[in-house]
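Working notes, beginning with the structure itself.
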Amino acid sequence: MFHIKLGKFMNPEKILKQTFGYSSFRPGQKKVIDLILNRKNVLAVMPTGAGKSLCYQVPALMNEGVTLVISPLISLMKDQIDSLKQNGINAAALNSTTLQEEVNPILRQAYEGKIKLIYITPERLAMDYFRYQLNFLDVDLVAVDEAHCISQWGHDFRPAYRQIFEGINSLKSKPTILALTATATPAVQDDIGQQLNIPQENFIITSFARPNISFKVVNSPQNTHLYIAQYIKAHPDDAGIIYTNTRKKVESLTDYLAKKGISVGAYHGGMDAKERSQIQEAFQFDEFQVIVATNAFGMGIDKSNVRFVVHASSARNIESYYQEAGRAGRDGEESEAVMIYHPGDLHQYRYFIEESDADQKYKELQYQKLQAITDYVNTGECLQQFIVRYFGQDCPPCGKCSNCLNQGDLKDITTDAQKVIALVYELDGRFGKNIVAQCLVGSTSQRMQEIHADQYEHFNSLKISQKEAVSLIDYLIASGYLKIEGIKYPLVHVTNRGWDVLDGKATVKRRISKIQKRKQSFAQ
Ligand code: ADP
Ligand code: ZN
């Protein structure tokens, strides 16, 4: 089929300026748009806030026919449609519960060229009658938003996404496909490419680095609530988001902060839709400084001047963390992303995975993701670099995350590391990290007696607390000297890198945090 472009006189730059009021494209946008206009299927992987929507909105206005946008969330669609309407573009949304008598007029308007974009849920596309009706339209482009939901390797798999390709394929107009996501590891990218028929050369991946965000990990503060209150008070003029992992914690933290005189709102999935949208709007319009929320908050929020995102409890995986932390600094101004780390949170997540009735393969994947976030909070390397590498890219050290700033306090811990690694070798991969830690510090627990721990050469070889021993083991895992294997019972093993340390071919260095240093100097 031959497509006449509406704009013989239109080009993407003109539309960008006249319709959206922007003067230039952001990185990646133009490339994606050009490929689409040449009717090539494209995967666009761009960080949150990079401007993914424009990549299909501009071609939608240039194409003769209609653009379908597949999106998982109805609330997200509403926001998009409202902002399109502000720019004078008519768009509509259809989900699986929209009544047939509402569907027909929308499709008629699309047929008449009065509606250029239709947002639909994947469930709607799966409906036979809807597919039949779509064949009366000339669908030029299908944009698949949150495309990582198609992959079981991702962190947010949605079964309805599996049927998208079949749905697109059933359309007579053979539309171009644009898949969009902010979080896709190389495995997820390949999976999306395979399922939606997108060749690798059309993967447009802009840098994952967020140079205006300073990342920070705070290990087990004595009083998390107090830490957060002080943090907010140190940033009195800045808007921020505090994420925590349960509704109850949202409520107790909100109360605490309000009592400290902080202007704060709460947001979680237990609140009704109206209440939630009121709070979201109030935050958007700076009616209060800080919002305390579960991860229900965020998809589709477009507040550009969020200056800090603090995780009061650790995120479950790097993908979610980066997406949530990435809501800071969407306007490009300097911002901070702080993760407060409590080992207990991660134990709890492990327990949830263990107790869930997901299949073994899925659980295994969740454990791997949990291990990656455990590594993040324990790594001594640049935090920005760690995340970017996780997504299969690279970047230089950022120079401003809590690890980069700690550069001066690098300590050689090779001798201690050798003791840990040697003990793990002695234990022959039969135990988890807590038993290894007990053994290292010479615990007198019953378990130690049961396994006759004192027979091992490196039993009681480190004069540190058991908690510090666990932290050291975590650090050695995060740095690749040790590794975790096994699902239900995660056991510690030595890696090749660890062998190099035992053989004296490599040294191990660790950044000592200011708190640890203070403790040390008290002890001396
Ligand atoms: P994403 O979906 O990638 O998270 P959005 O599409 O919501 O990001 O865009 C984020 C913000 O950036 C929006 O406010 C959008 O209007 C704005 N934006 C997108 N492209 C440009 C551009 N070329 N110039 C200026 N602002 C842009
Ligand atoms: Zn850094």
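Restricting Ser314, Ser402 to those that are in contact with an Asp or Glu (Cβ under 7 Å, 6 or more places away or on another chain) and away from ligand 1 (no atom under 16 Å from the Cβ) reduces the list to Ser314. A Cβ distance below 6 Å, combined with a sequence gap of six or more or placement on separate chains, defines the contacts here; from segment 1-18, residues that are of a type in the set (Lys, Arg) reach residues that are part of a helix (DSSP H, G or I) and modelled with pLDDT of 90 or more in the pairs Lys5/Met62.
For segment 405-453, a residue qualifies if it is among the hydroxyl-bearing types (Ser, Thr, Tyr) and either within 16 Å of ligand 1 (Cβ to nearest atom) or in contact with a strand residue (DSSP E or B) (Cβ under 6 Å, 6 or more places away or on another chain) (or both), and exactly one does: Tyr425. Restricting attention to segment 281-294, the residues that are in contact with a Lys or Arg (Cβ under 9 Å, 6 or more places away or on another chain) and buried (at least 18 other Cβ atoms within 10 Å of the Cβ) total 3.
Under the condition of being more than 10 Å from ligand 2 (Cβ to nearest atom) and among the aliphatic types (A, V, I, L, M), the residues counted in segment 389-416 number 2. Of the residues making up segment 352-362, not a single one is within 15 Å of ligand 2 (Cβ to nearest atom) and either surrounded by fewer than 17 Cβ atoms within 10 Å (Cβ to Cβ) or basic (Lys, Arg) (or both). Taking first residues from segment 280-295 that are within 20 Å of Lys78 (Cβ to Cβ) and partners that are among the β-branched types (Val, Ile, Thr), the Cβ contacts under 6 Å between residues at least 6 apart in sequence or on separate chains come to Phe283/Ile291; Ile291/Ile241.
So that you can scan it fast, the table gives a plain yes or no per residue for (1) under 26 Å from Ser314 (Cβ atoms); (2) assigned to a helix (DSSP H, G or I):
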| position | (1), (2) |
| --- | --- |
| Lys361 | yes, yes |
| Asp394 | yes, no |
| Gln438 | yes, yes |
| Arg447 | no, yes |
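Considering only residues that are assigned to a loop (DSSP other than H, G, I, E, B) and over 35 Å from the mean Cα position of the chain (by Cα), which ones fall in segment 83-113? Correct list: Glu112, Gly113. Residues that are touching a residue at least 40 places away in the same chain (Cβ under 8 Å) and more than 29 Å from Tyr56 (Cα to Cα) number at least 3 in the following helices (runs of 4 or more DSSP H) confined to segment 150-245: 224-233.
The values are calculated or read from the model by the stated rules, or taken from the named source; none is laboratory data. This structure is a prediction, so every number in the text was calculated from the model and none was measured. Cβ: placed from backbone, ideal geometry, glycine included. Neighbour counts: every protein chain shown.
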